[in-house]
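Taking it in order: structure first as structure tokens, then the write-up.
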Amino acid sequence: MSGSVRRTTMPSIEIVAKEAGVSTATAGRALGGYGSVSRKSREAVLAAAERLGYRPNSLARSMITGLTHTLGVLVPDIENPFFSRALRGIADAAHERGWEVLLVNTDEDLALERKALSVLTERRVDGLVVAPTDVADRDALQAVVDAGIPVVLLDRRVPGLEADTVGIDNRAAAKDATERLLKLGHRSVALLTGGDEKLRPKLSRPGLRGVERLAATTVGARAAGYRDALVEAGIEPRPELVSAEGFRREDAAAATRRLLALPDPPTAILALDSLLALGVLQALRGLGLRCPVDVSLVAFDDADWAEAISPPLSVVAQPIYELGAEAGRLLLDRVQGSDKRFTHRRLPTRFIERESATSR
DNA sequence: TAGAGCCTACATGAACAACG
DNA sequence: CGTTGTTCATGTAGGCTCTA
């Protein structure tokens, strides 16, 4: 005896075949719907499977097909409404085509992201949707791609990586939002970015090269669009009006207080996500200032509450669900053998004018 | 007796051969 | 030609055998 023990009492194809009086191959064909099987055999197999409560063993199936029918999804923070909505799109696209989704949070932590990549690779996911933590860190993602696992980048781009990407035209969207504030008569517009302290000096550097380099990241691209609008309007960008003090709401509140304490404070603020916008509103209330009478505010992302607050928030709305769904579909195309050229899919944004920005 | 290396179970799908 | 059966490969863990 081998000493090996059956791990479950679940009937295998072999048992079903025996019960139906056919070979395992015929049972496999009947259950799997491939090859040719006589009606009589198929009915006998299906009846036997029904009687025995047969369920296919996906572990064994993966062993031979090399597919786990699982997609890995790596996002910085599932509590961020952007990513939870996008995940919904990814999962729906996956389910539609018979795939499951395995989710890992990276907490914007490069070490966690690398760990997650190796875990998901060991789990033999068929493909990965990734919102990478650091777009400059290509190695770990490239290793996954080199191992033959297709990757689709969501929201962020990693220069040089062989992967499809899905996102919006961040630069154009930020430029449009800034232009709207300028058109309302604002000359002193602040940009609340959340991240990357390196932004400020780059924005103030003359010439385009600094900005072009910036545009690789989401935040950088939006900052570049903000700058484009100012420059086209003949306004000199003021580095002290660009905040890069962190992504949390308290960070945004602190940044707002700093901005409004400047000798020549901004009359309008562009916040790069909805959480930052909350921080702005919190700070304004603390300072006894009103929006939009004292300070106009426009934010990226049409959060659930954006329309419900007073004043309702004017926003740059991203098609977040559709971004996720498109990422999922692109990835499954790759998993199922598409070798088309890598695409950078840009979905359109929509400016929703409400009441948080007025003329001055 | 330790360690290396070979063998087998596991469930399924596919290549191939054979049958009527 | 449609249908069926045989055999093998798949990746890994754990057990067995052989060797030093």
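Apart from one condition, residue A:87 fits all of (1) open to solvent by 70 Å² or more (accessible area, probe 1.4 Å); (2) at pLDDT 85 or above; (3) of a type in the set (A, V, I, L, M); the exception is (1).
Look at residue A:72 and say whether it is in a strand (DSSP E or B), surrounded by 13 or more Cβ atoms within 10 Å (Cβ to Cβ) and more than 9 Å from DNA strand C (Cβ to nearest atom). So residue A:72 fits the description; yes. Identify all residues within the range A:159-188 that are under 21 Å from residue A:341 (Cβ atoms), open to solvent by less than 10 Å² (accessible area, probe 1.4 Å) and part of a loop (DSSP other than H, G, I, E, B); write none if there are none. Matches in the range A:159-188: A:163 only. Residues that are of a type outside the set (Val, Ile, Thr) and either at pLDDT 90 or above or open to solvent by 60 Å² or more (accessible area, probe 1.4 Å) (or both) within the range A:4-16 comprise A:4, A:6, A:7, A:10, A:14, listed in sequence order.
Looking only at the range A:35-72, which residues are of a type in the set (D, E, K, R) and more than 10 Å from DNA strand B (Cβ to nearest atom)? Residues satisfying the conditions are A:39, A:40, A:42, A:43, A:50, A:51. Residue A:47 falls short on exactly one of the conditions (1) surrounded by 12 or more Cβ atoms within 10 Å (Cβ to Cβ); (2) in contact (Cβ under 8 Å) with a residue 40 or more places away in the chain, and that condition is (2). With respect to (1) within 12 Å of DNA strand C (Cβ to nearest atom); (2) open to solvent by 50 Å² or more (accessible area, probe 1.4 Å); (3) at pLDDT 85 or above, the lone exception for residue A:25 is condition (2).
The values are calculated or read from the model by the stated rules, or taken from the named source; none is laboratory data. The structure displayed is predicted, hence computed values, not measured ones. A quick note on method: Cβ atoms are made from the backbone with ideal geometry, for glycine too, and the neighbour counts reach across all protein chains shown. To get the accessible areas, we keep the full protein, side chains included, count just its heavy atoms, and leave off ligands, DNA and RNA. Shrake-Rupley method; radii C 1.70, N 1.55, O 1.52, S 1.80 Å.
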